[in-house]
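Report on one structure; see the data block that follows.
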Amino acid sequence: MAGGGKIGIQLFGASGRMGRAIAREAAGRDDVVVVGEGGDVFVDFTAPDALEANLAVAVAAGKPILVGTTGLDDAQRGLMERAAEKVAVIHAPNTSLGVNLLRHLVEEAAARLGTEWDIEIVEMHHRLKRDAPSGTALMLGAAAAKGRGRTLPELARFDRTQGGERKEGSVGFAVLRGGSVAGEHQVIFAGEGERLELGHRADSRLVFARGAVAAALWLAGKPAGRYAMSDVLGL
C-alpha cells in the first residue's frame, strides 16, 4: 500500500486522455494516489496491441488490473481470462458508474419485454474515437441479448445499407461521430404505440475517471478471478 494508507494506482497510458483524467481525480482524494511503480492496482487505458505486455507486468507483480481498453478481439479477451487465473481482472469498456447501472437496467427491460419490442442502440462520441460501435454500445447490446436469453452475435444488426424489413428480435446499432462529445448512449425499446428509452450522457471524462478509481479501490487485495463493474456496484 502506498504511503499514508492510500491505495497506489499504477497507470498504463498515464499521458493519454483517460490517464490524465484519472490522475486529476486521484489528486483530489485522500484514499488513493497515482504512483510511478510499486502500485497496489494497475489500470490500463492504452491500446489493444499493448494489452498482452501490460497484463504480463501485472501478473509478474501479482497485482490486480483494471482494463479500460476497448476494441479488443477474442484473442485479447482470452489473454485476460488467462491472466485472471493468477490475479484479479476487471475489463470495463466503460467505467462510468451510471453506464454500468444502465447496463443492468437494459438487461432487466429486455428480459421483461417481448421480441415485439424492437431494440435500437444509438451512440455518439468525439471525432477521434477509433472503434465503432463503441465498446459501451456493444456492452449494452450484449446486456439486451442476455436479457432475451441470446447472444449479441445472434441478434446484432450493424449495417442497414442493404435494406429489407427489420428482423424481429434483432438489436440495431447507429453510430455518430463528431466534435468533442465525451460519450452518449441511448437504448430504445420501440413497441406498438409506445417507446421506452434508457440512456446516459457523459459531459466530461471525469465520470469515467471517477468510476475507474472506484473500481481500482474495490480491486485492491481481491483474489485472482474475473470481475466486472457490476461487482463494484454490488449488482
Taking region 198-216, which residues are among the aliphatic types (A, V, I, L, M), within 13 Å of the chain's Cα centre (by Cα) and within 17 Å of M124 (Cα to Cα)? V207
Conditions (1) on the phi < 0 side of the Ramachandran plot; (2) in contact (Cβ under 8 Å) with a residue 40 or more places away in the chain; number of the one not met by D44: (2)
What is the number of the single condition among (1) surrounded by fewer than 20 Cβ atoms within 10 Å (Cβ to Cβ); (2) over 21 Å from K6 (Cα atoms); (3) over 18 Å from the mean Cα position of the chain (by Cα) that H104 does not meet? (3)
Looking at (1) at pLDDT 95 or above; (2) touching a Ser or Thr at 6+ places or on another chain (Cβ under 9 Å), which one does W218 not meet, given that it meets all the others? (2)
Going residue by residue through region 174-181, is there one that turns out to be farther than 24 Å from L235 by Cβ, exposed (fewer than 13 other Cβ atoms within 10 Å of the Cβ), in contact with a Lys or Arg (Cβ under 9 Å, 6 or more places away or on another chain) and at pLDDT below 95? yes
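Quick check: anything in region 187-196 within 17 Å of the chain's Cα centre (by Cα) and either of a type in the set (S, T, Y) or modelled with pLDDT of 95 or more (or both)? Write out each step before concluding.
Start the filter on region 187-196 by keeping residues that are within 17 Å of the chain's Cα centre (by Cα), which leaves 187.
Applying the additional criterion that residues be either of a type in the set (S, T, Y) or modelled with pLDDT of 95 or more (or both) yields 187.
Yes: one or more hits.
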Within region 113-133, which residues are touching a Ser or Thr at 6+ places or on another chain (Cβ under 7 Å) and more than 22 Å from R166 (Cα to Cα)? H125, H126, D131
Of the residues Q76, Q10, only one is outside the structural domain of T136 (by TED's automatic domain parsing), at pLDDT 95 or above and in a helix (DSSP H, G or I); which? Q76
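The values are calculated or read from the model by the stated rules, or taken from the named source; none is laboratory data. Please read these numbers as outputs of a predicted model, since none were measured by experiment. Glycine gets a Cβ as well: all are built from the backbone with ideal geometry, and neighbour counts include every protein chain shown.
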